[in-house]
Every structure is written in structure tokens, then in C-alpha cells.
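The structure under discussion appears below in the form of C-alpha cells.
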Amino acid sequence: MTSTLLTEVQRSLVETTLDFAQDHLAPHALDWDRDKHFPVDVLRKAAGLGLGGVYVREEAGGSALTRADGVLVFETLASGCPSIAGYLSIHNMVAWMVDHYGDDAQRERWLPRLCSMDDLASYCLTEPGAGSDAAALTSRAVRDGDDWVLTGVKQFISGAGSSQLYVVMARTGGEGADGISAFVVDKDDPGLDFGPDERKMGWNAQPTRQVVLNDVRLPADRLLGREGEGFRIAMNGLNGGRLGIAACSLGGARNALDRSLTHLADREAFGGRLLDAQALRFRLADMATELAAARALVQQAAQALDRGDAQAPYLCAMAKRFATDTGYSVADRALQLHGGYGYLSEYGVEKIVRDLRVHQILEGTNEIMRVIVARGLTEAFR
């Protein structure tokens, strides 16, 4: 990122986060990936820097950063490990939802432990039969006296089994988006269960499991926001979540580009350094240019979200699509520039490629991002 475009506070924020990423994430990222280890202790160290409640108000223990600040944080964290940075983005999305939509009692009850990451959080929208068509979810919450009883299965849930709190979207009314409500479920609630840890292409440093709701009985105070407001809560959360994942793609890709520069400077072929070959220098120039363009779009979307601009969801979708496609493309080209070494796990580039591939799928597939962008473009012609 171009430091001259940052404020003094933002430069300090990036420097502090970069020190953390280099000291606590990067040295262990390959081992965590190989061993499928979720470093909860390191997450709690990140919380000590205020990274457990990035967008949460200060009085609740948060850092009260803007979205424009937050994308700098997640890009920098992802330079150390995209998998861990991605989970932190999701945790912070949930913490923001509790802070923004919870009442005073809910905020007091849950936010301090979320901000300290004594409690980890997961976001539960996707189901085995409802991914891109999220409004078609079938998990149900039925009123029974003063309680709600939840049944259903959530799919592809990051942090599941390790997280203590789960913001769950369930149907309380009729079909469509208006029939969905949001609930906070605790890991210790009777009837909550988890599927086996999924075997994945990437993001191996965090668990991904089903969340199974077997008649989970919740008191009325577990409803987040108002009844029927769940889909709007979920989508508003995803606006910020999409920016976080977009930023993680930028950080991972920038790491891959930096590795390529070092590798090409060290390697010789045909009588000279590979870094001096014009064809390869042009590739590097294109990669750097595309990342700079993606970063500018992510910042534009983040600033729109901070302003409450009506175009923010449109811009967030655009930024997520472009940054995650660009990030994966840059990482893939970085692997190619390493030749056979790029395919070896010890060089670290193939892990970045595997980690960034899922960014084009989660927080709304990039096909759905195109739907949102196209809808915004054609709104006047309806």
C-alpha cells in the first residue's frame, strides 16, 4: 500500500499490525496449514492490540475503527497468513453485528469477551441447500412460550466448534427475506452440535464445520434486532465482511508478489538474473498495477460504507469481486514465476494460492457480486 496516502494514525496502525503479522503469523503459517492448527492463543494476542473488536465502540471494549482503517488492518494481517486474517475478519463482522443491532444488555453481555477474544464468534447463514440463494434458508425458529426453539443445519461455518458464540439466521415467518430473524446461540446451549472438520483446499489454519441445531431452546433475549430483521442484519454484516475478505486477498497477493521479486533477483538463467528479463519485469509491473487498482476500489467502497452512502452495497460487491479475482490471479502468476519451486510447499506461494481461492466463493460468490453490481447498474431501467 502507498504509505504517502495514509494519515499518520493509519500509518501507525499499519506498522503495528505489520509487526504483529511478521512476528506472530508469518513464521508459523506453513506449520499451521500443514498441521491444520487453529492458533487461538495467537488470536488472543491480536485482541491485545484491539483486533478483536475492530469496529466495536470503545465503551464496549472495541477499537472503534472505520472501515477504511479496517481494510488496512486485514490486508496487513493477511500478508502474514490469509487464513488467520480471514477468520479475524469474520469474527469482527459478528462483533460489529452484536454492537450495531444488539440492545444494551446484549452488548454488555457479549461484547467485552468478543473484543478480548476470550470468546470467538462465527457467522451462520449458509445451509447445505441455501448458499447463494440465502433468502431460501430452511432453518427454523419456532416460538414456544417465552422461548425460541431452533432447528436446522448451517454449512461451511468458519471457526465452528472452537467459537463460543454463533449468530444464526433462522426462519421465524413465511418464505423469503422478510421471514428471517437473527439469534445469538452459545456453544453450551443444549442441542447445539457440530459436523466433522471439513477437509479443504486451503484455509487449513481454521476449522470449518457444520453447525447442527437440534431443537436448541433459547430465551427471548437471544433474538438479535427485531423479529423479521435477520436478513437485513445478515446482508449489512456482509457489506463489511466482503471488504475484509477483499483486503485479505490484497495482503496475500502482495506477499506472493514480494516473494516473486526476491526469487527472481536470486535466480539466474541464460547468463543473467531473471529479474532483469524484460518479459518478467512486465509481468511484475502488471501484477503490481492490478493490486494498486484493486486497493483503490476497496478503499473507495470502505469510505462509502463509512459515510452511509446508498451506493455502498453496490461498491462493496464490486470491490469484493475485483479484489478477490485480482488477488488470486496475482498469486497464481507468482507461483508461475517461481517455476517448479512455486509448487513446493516450503516456498509458501502455493499456500497463498490455495488460501486465496476460497475468497472468490465466501461472503457471497463472485457470481452473486456480479448480480448485485448489475442490479445497481440497471435500477433506473426497471
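Numerical summary
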quantity	calculated
Exposure ranking of Tyr343, Tyr87 by accessible area [1.4 Å probe, largest first]	Tyr343, Tyr87
Label-zone membership for the range 217-244, site Ala105, 7 angstrom Cα→C-beta point, backbone N under 15 Å	218-226
Peptides ranked, highest mean first, by Cβ atoms within 10 Å: ranges 89-96, 166-173, 148-155	89-96, 166-173, 148-155
Where only C-alpha atoms are counted, convex hull volume of the chain per residue in Å³	138 Å³
Under the span-like rule (Cα at least 20 Å along the axis, Kyte-Doolittle mean at least -1.0), DSSP H helices of the chain	82-101, 230-266, 278-307, 312-337
Förster radius 41 Å - calculated FRET efficiency between Thr378 and Asp35, Cβ distance, rounded to 0.05	0.30
Residue with peak Gaussian network fluctuation, the chain [Cα springs, cutoff 10 Å], from Pro39, Pro219, Pro207	Pro219
Debye-sum result for the range 203-256 in log10 I(q)/I(0), which assumes one identical scatterer on each alpha carbon, at q = 0.15 Å⁻¹	-0.75
5 Å-binned pair-distance histogram of the range 265-377 (Cα, whole percent)	2, 12, 16, 18, 17, 12, 9, 7, 5, 2, 1, 0
Shape metrics for the range 1-49, restricted to C-alpha atoms - Rg then Dmax, Å	13.4, 39
With every protein chain in place, the chain: carbon and sulfur % of accessible area (1.4 Å)	50 percent
Computed accessible area, Phe282, all protein chains, 1.4 angstrom probe, square angstrom	120 Å²
For the range 24-32, 3J(HN,Hα) per residue [Karplus equation, 6.51 cos²θ - 1.76 cosθ + 1.60, θ = phi - 60°, Hz, x = Gly/Pro]	10, 10, 4, x, 10, 4, 5, 5, 4
Share of alpha-carbon pairs per 5 Å distance bin for the range 39-100, given as whole %	4, 19, 32, 28, 13, 3, 0
Solvent-accessible surface (1.4 angstrom probe) belonging to Lys45, in square angstrom, nearest 10	110 Å²
Asp144 accessible area, assembled protein chains, probe 1.4 Å, Å²	80 Å²
Set of lysines with alpha-carbon distance to Lys154 below 18 Å, sequence-local pairs under 8 removed	Lys187, Lys200
Selected from Ala46, Ala135, Ala310 as most flexible by GNM, with the chain as the system and alpha-carbon contacts under 10 Å	Ala310
Cβ charges +1 (Lys, Arg) and -1 (Asp, Glu), total dipole of the chain, debye	980 debye
Debye-sum result for the range 63-128 in log10 I(q)/I(0), which assumes one identical scatterer on each alpha carbon, at q = 0.26 Å⁻¹	-1.21
Contact order relative to length of the range 41-95, as percent, for alpha carbon pairs under 8 angstrom and 6 or more apart	29 percent
Solvent exposure, largest accessible area first (probe 1.4 Å, DNA, RNA and ligands not counted), of Glu15, Glu198, Glu59, Glu127	Glu59, Glu15, Glu198, Glu127
Relative compactness, the range 184-311, computed as alpha-carbon Rg over 2.2 N^0.38 Å	1.65
Exposure rank, largest accessible area first [Thr365, Thr138; 1.4 Å]	Thr138, Thr365
Helix-only [θ]222 nm of the chain, DSSP H runs n ≥ 4, -39500 (n - 2.57) each, per residue, nearest 500	-16500 deg cm²/dmol
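The values are calculated or read from the model by the stated rules, or taken from the named source; none is laboratory data. No experiment lies behind these values; they were computed from the predicted model shown. Methodologically, a virtual Cβ is constructed for each residue, glycine included, from the backbone with ideal geometry; neighbour enumeration extends over all protein chains shown. Accessible surface areas use protein heavy atoms only, side chains included; no ligands, DNA or RNA. Shrake-Rupley method; radii C 1.70, N 1.55, O 1.52, S 1.80 Å.
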